[in-house]
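Engineer: Pasting a structure below so you can have a look.
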Amino acid sequence: MITKIKYKDSEHNKKRVGKLANKKQIPDNLARELENFAKRNSIFSTKVDDKLVHHCCPSCLKAHALKKSEELNLDCKEAIEEMFECETGHLGYYLDEEEIIKI
Ligand SMILES: [Zn+2]
């Protein structure tokens, strides 16, 4: 049984979640979509400032964010790049539940 989860990137994630919560750079509809993506692809959840935060693969979340921003015709690529300091997906693909999606 796991009693303690160590998450090395928690400070970075707090910032990321903070930015998502502020929704200053990311439009509301995309921010909501990303929250839903994180929820359905959640690896585990933690409480940050009394709010339940769902953690998923950041590379997949970033790829999904970029794809959705294109689909929704949103001009927020820079904000997404700034929010996620990681690779975009995995070798041209990302995972959404059981679906492998080409970037
Ligand atoms: Zn991933």
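Every number in this text was worked out from the coordinates using simple rules, so none of it is lab data. This one's a predicted model, so the numbers in the text were calculated from it and none came from an experiment. Because the Cβ atoms are built from the backbone with ideal geometry, glycine has one as well, and the counts that use them run over all protein chains shown.
Engineer: Short version: ³J(HN,Hα) in whole Hz for each residue of the stretch 85-99, in order, from phi by Karplus 6.51 cos²θ - 1.76 cosθ + 1.60 (θ = phi - 60°), x for Gly and Pro, what are they?
Structural biologist: 8, 8, 5, 8, x, 10, 6, x, 9, 9, 10, 10, 6, 9, 9
Engineer: For K62, list the aspartates and glutamates whose Cα falls under 13 Å from its own Cα; do not include residues on the same chain fewer than 8 positions away.
Structural biologist: K62 reaches E33, E35, E70, E78, E81, E82, E85, E87, D96.
Engineer: Just order 54-63, 71-80 by mean Cβ neighbour count inside 10 Å, highest at the front, would you?
Structural biologist: The peptides rank, most packed first, as 54-63, 71-80.
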